[in-house]
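The values are calculated or read from the model by the stated rules, or taken from the named source; none is laboratory data. Quick caveat: nothing in here was measured; it's all calculated off a predicted structure. Here Cβ is always computed from backbone atoms with ideal geometry, including for glycine, and neighbour counts include all displayed protein chains. When the accessible area is computed, the model is the full protein with side chains, heavy atoms only, and any ligands, DNA or RNA have been set aside. Shrake-Rupley method; radii C 1.70, N 1.55, O 1.52, S 1.80 Å.
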Amino acid sequence: MKALSSNEIRESFLKFFEDKGHKVVKSASIIPETDPTLLFVNAGMVPFKNVFLGLEERPYKRAVSCQKVFRVSGKHNDLDNVGYTPRHHTFFEMLGNFSFGDYFKKEAIEFAWEYLTKVLEIPEEKLHVSVFVEDEEAYKIWREVIGLPEEKIHKLGVEDNFWSMGDTGPCGPCSEIYYDRGEEFGNPEFGSDEDNRYLEIWNLVFMQYNRDKDGKLTPLPKPNIDTGMGLERIASVLQGVNSNYETDLFLPIINWVSEYTGKEYNPEKPKDINTISMRVIADHLRAITFLISDGVFPANEGRGYVLRRILRRALRYGKELGIEEPFLYKGVDKVVEIMSQTYPELSANKEFIKGLVKSEEERFIKTLNRGMTLLSEIIEKAKKEGRKHITGEEVFTLYDTYGFPVDLIEDIARDNGFGVDIAKYYELLEEQKERARKHWKSQAKEVKEVYLHLKNRLEDNQFLGYETLEVNDAKVVAIVKGDEAVGEIKEGEEAEIILDKTPFYAEKGGQVGDTGIIEKEGSLFKVLDTQTPTDGLIVHKGKVLYGNFKVDDTVLAKVDKERRENIMRHHTATHLLHSALRNILGEHVKQAGSLVHPDYLRFDFTHFESLSDEEIKKIEELVNEEIMKNEPVVCEQMSYDEALRTGAMAIFDEKYGDTVRVITAGISKELCGGTHVSRTGDIGYFKIISESAVSAGTRRIEAVAGRKAVEKGLKEHFLIKELSHLLTAKEDELIEKVETLQKKLKEAERKLEEIKRKSVVDKITEILKVVDKGNYKLAYGQVEGFKPNELRDLADVARAKLGSSVVMLVALDKEKGKVNFIVAVSKDLTDKIKAGDIVRQVAPVLGGKGGGRPDMAQGGGTDISKLNEAFKKFEEVASI
């Protein structure tokens with residue numbers, strides 16, 4: 001048996017199947033592009049799902065890949081097992097070969113057997129297989145073609161050896177290949193829960209049926225093959241270790257954790273908390289690094305929430321090892337060192353990943369400390385209420401808001417003699433998961449079947465918009481109206497026209513779609529937007545202004561030239577802005593989203609604090625310097641890996657093919673499929689309009705370029721000129737003049753307030769409603785412009801003027817939506833009625849609380865609408 005590194009295994013697998021006529025397909029992003037049913041790619045076949053469903057065709061019938069996979073939710077929820085078993089992971093790599101209606105069971109089995117026994121040189125006697133109990137065809141191939149003895153072919157039922165894509169759709173039996181780890185792992189029943197001897201290493205799925213909604217199985221006209229072999233598992237076999245965590249994919253990370261903490265890692269003690277903790281950290285560090293590199297950022301919902309959970313889980317296990325400070329970000333270096341040969345984008349994104357992880361760690365450590373304080377308060381509150389348990393709602397708040405580990409809550413509760421309503425907690429957790437599912441489903445791009453069928457039927461549309469804005473011999477190859485393809489559209493109808501070739505750019509990569517016209521003699525179609533619902537298909541959305549259009553018509557397609565030129569200026573300016581931000585703020589800056597519009601550009605980027613005026617000035621100046629250099633904007637085609645080697649930047653959430661387009665513009669070099677100016681000078685002028693926060697760790701700049709920047713500049717020029725005229729000041733004296741006027745205005749307002757207050761003080765007993773109770777008075781009312789401390793002085797005045805009395809004064813803060821009030825009781829009445837008692841009864845009416853001394857107490861609330869009710873309550877409770 002060969003002893004191979006994980007890199008060597010990965011390369012040998014891809015080469016073996018490439019030599020067998022398979023197309024090597026680069027791993028797709030962990031984020032599913034078009035499947036709204038999935039939060040993450042959780043199997044190697046996910047990127048080929050539409051091919052298996054017959055909704056999409058590829059230019060190849062055989063494929064092989066090493067796919068990044070992430071399992072933490074839904075059917076494949078491995079999170080709770082991670083660290084506690086030798087083989088459960090959140091992130092892992094799935095080696096797989098696929099046939100789309102080409103070869104079937106015999107070839108799939110022969111390929112797998114040849115690779116394992118001839119290429120990897122695993123002894124045949126160490127291998128067992130399982131087949132579906134009813135799949136005689138597979139059984140015979142293993143028995144008669146491969147020559148396995150009967151005792152090594154195990155027939156298992158539906159639960160183990162029948163695979164389905166869902167409740168309906170393609171499905172079929174599968175055959176699994178197992179490695180016999182030897183008698184030292186016992187002699188269990190094959191496939192039982194206690195079986196640690198026979199390690200499943202490869203699953204061959206034979207998709208030969210379609211299941212309808214009634215459960216009926218119908219043979220597929222073209223059956224498919226989908227296989228999956230976990231890289232980590234086969235590495236453990238070839239590297240002679242008992243756990244995936246001792247392979248070269250994990251052990252260097254674990255060794256780093258061990259060195260960092262000074263704690264020993266002992267694989268011979270898998271239940272030791274140090275061993276478990278180091279395994280969890282190693283697994284989660286890999287997942288965190290790949291998730292962020294693929295464009296997932298920490299958030300409170302959807303994918304970002306999952307990332308936040310696993311990062312916090314890793315931190316929690318760090319605490320088990322005695323780590324109190326942020327440390328995970330340091331381990332990113334080790335993950336990148338191990339994985340960047342295969343995934344070079346990790347090196348390009350490393351500094352950003354580290355910055356984001358560190359920021360999230362710091363945030364969580366503060367949150368955890370607040371959570372500990374809150375848990376103590378919850379326990380004290382429960383004691384006062386006479387209950388001996390923490391409610392499910394309280395547990396969920398601690399977990400969901402503060403990331404507080406539930407088992408830690410249970411431990412602390414137990415130490416205090418408390419129980420935990422864990423059932424209610426799980427109910428609330430499930431509700432939260434359902435909200436998250438709805439969130440990611442709403443974000444997913446679901447492709448209509450009509451587009452998939454057209455993509456399979458038509459040649460890819462030819463985009464000519466890099467070279468020209470007008471094509472006079474385009475052919476209408478399809479028309480879509482609603483959800484179906486039609487042959488003709490007439491005046492007034494809205495539809496989507498698909499051409500064999502087009503100058504119209506379809507919205508992608510943040511750049512909006514082109515507008516313009518499609519016309520032929522006697523007919524005009526106004527293009528209002530251009531989209532690409534699926535790769536290779538460009539649709540022109542719009543309306544027939546007059547005439548009609550039919551499939552096979554030859555037409556003129558013409559882009560709105562001025563609008564496109566504005567878009568191009570903004571797009572190239574976006575690239576220069578990105579590089580300027582990295583130059584001035586640091587290389588942690590990465591694009592996190594963008595919008596390239598004819599009127600402006602919007603650029604979201606990763607940074608952890610607001611920009612100063614000086615930084616904004618430097619960024620704007622650097623972009624304009626690059627514009628003034630008027631250097632040519634160069635476009636090159638090259639392989640994705642070569643592009644990254646040249647230093648070109650790749651954007652997080654973009655999907656790239658094997659061949660990419662690299663745009664070099666002055667200080668910028670990026671992978672980009674958008675449209676750009678020919679020289680940087682064509683941008684004209686660049687102006688930042690605003691800088692703001694989008695979310696934690698993400699900032700946003702809005703800016704204008706070209707004509708729009710000139711318009712902005714002229715508008716500001718005339719505004720300054722008008723202000724200069726109105727204020728009778730020179731332009732360079734405007735700020736000083738405004739500051740002087742502000743001081744004068746503030747002083748005038750202060751004097752006016754003094755006059756108003758003096759008037760209120762003088763007439764306070766006239767302003768208040770006074771109720772004579774015989775031997776004392778009740779007085780209450782509302783005054784404006786008084787702060788809480790000023791209300792006390794005013795209440796003293798009212799009390800002095802009224803004599804024996806109980807006074808309530810209210811001041812509204814309409815900006816904040818608050819009510820502040822004071823209750824004052826004359827000293828001769830405090831033995832009969834207390835100001836604090838009155839406030840405690842009146843404040844809840846206003847949705848607030850309060851209290852104080854017997855003679856003077858203060859309260860507040862937020863329900864301004866209940867003011868009259870509060871006065872009534874005051875009359876009621878202040879009466880002796």
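With 0.36 nm allotted per residue and the present C-alpha distance subtracted, the GLU784-VAL119 stretch has 230.7 nm of extension available. In the stretch 490-535, the alpha-carbon atoms span a convex hull of 94 Å³ per residue. Over the C-alpha atoms of the chain, the Rg to Rh ratio, Rh being the Kirkwood estimate, stands at 1.06.
Cα-Cα over 28 Å: which of LYS481/LYS558; LYS271/LYS384; LYS383/LYS849; LYS448/LYS669? Over 28 Å Cα-Cα: LYS271/LYS384; LYS448/LYS669. Normalising the Debye intensity of the stretch 760-828 to I(0), with uniform scatterers on Cα atoms only, and taking log10 at q = 0.13, 0.24, 0.26 Å⁻¹ returns -0.33, -1.00, -1.14. Counting only aspartates and glutamates at least 8 places from LYS773 when in the same chain, those with an alpha carbon closer than 19 Å to its own are ASP828, ASP831, ASP855, GLU875, GLU876. With viscosity 0.890 mPa s and temperature 25 °C, the Kirkwood radius over alpha carbon pairs of the stretch 674-722 converts through Stokes-Einstein to a diffusion coefficient of 192 µm²/s. Kirkwood hydrodynamic radius of the stretch 265-330, from the reciprocal of the average inverse Cα-Cα distance over all distinct pairs: 12.4 Å. Cβ under 12 Å from THR227's Cβ, THR227 left aside: what net charge do those residues give with Lys, Arg +1 and Asp, Glu -1? Local net charge: -1.
Modelled label positions at TYR60 and GLU264, each set 7 Å beyond Cα in the direction of Cβ, lie 4.9 nm from each other.
Packing, taken as the mean count of other beta carbons within 10 Å per residue, orders the peptides 740-750, 850-860, 268-278 from highest to lowest as 850-860, 268-278, 740-750.
Under 14 Å of direct C-alpha separation, and excluding same-chain neighbours fewer than eight residues apart, LYS49 reaches these aspartates and glutamates: GLU33, ASP35, GLU57, ASP226, GLU446, GLU449.
In the context of the full protein assembly, PHE13 retains an accessible surface of approximately 0 Å², using a probe radius of 1.4 Å and ignoring ligands and nucleic acids.
Taking the longest Cα principal axis of the chain as reference, the axis of helix 392-402 is set at about 80 degrees.
Across MET649, MET372, MET229, the residue with the most accessible area heads the list, and the full order at a 1.4 Å probe is MET372, MET649, MET229.
Between LYS763 and LYS383, the modelled label-to-label distance comes to 5.6 nm, taking each label 7 Å out from Cα in the direction of the beta carbon. A Förster radius of 22 Å, combined with the Cβ-Cβ distance separating ASP421 from THR367, puts the computed FRET efficiency at roughly 0.45. One quarter of the convex hull surface built on the alpha carbon atoms of the stretch 242-380 amounts to 9.2 nm², the projected area averaged over directions. Computed from the Cα positions only, the extents of the stretch 35-168 along the three principal axes stand at 43, 43, 31 Å, in decreasing order. Helix 867-878 and the longest principal axis of the Cα set of the chain meet at an angle near 60°. Available extension along the chain between THR728 and SER376 is 120.4 nm, counting 0.36 nm per residue and deducting the alpha carbon span.
More than 26 angstrom separation, counting every C-alpha pair in the stretch 737-864; what % is that? Roughly 27 percent, rounded to a whole number. One chain, two ends: GLU320 and ASP460. Fully extended at 0.36 nm per residue, the span grows by 44.8 nm beyond their Cα-Cα distance. According to the Cα-based calculation, Rg over Rh for the stretch 1-94 is 1.01, with Rh computed by the Kirkwood formula.
Equivalent-ellipsoid semi-axes for the stretch 331-371 (Cα gyration tensor, √(5λ), whole Å, largest first): 28, 9, 6. DSSP assigns beta bridges within the chain; of those with both partners inside it, close to 85 percent run antiparallel. Given GLY861, GLY487, THR530, which one lies farthest toward the positive end of the charge dipole of the chain, if we put +1 on the Cβ of every Lys and Arg and -1 on the Cβ of every Asp and Glu? After comparing all options, I get GLY861. Values of log10 I(q)/I(0) for the stretch 173-302 across q = 0.18 Å⁻¹ run -1.09, by the Debye formula with one identical scatterer at each alpha carbon and no solvent. Rounded to the nearest 10 degrees, the inclination of helix 707-726 to the longest alpha-carbon principal axis of the chain is 10 degrees. Estimate the FRET efficiency between GLN341 and THR659 by the formula 1/(1 + (r/R0)^6), using the beta-carbon distance for r and 25 Å for R0, to the nearest 0.05. My answer for the efficiency is 0.75.
The figure for VAL633 is an accessible area of roughly 30 square angstrom, using a 1.4 Å probe on the protein chains alone. With only the Cα atoms considered, the stretch 808-880 has a convex hull volume of 64 Å³ per residue.
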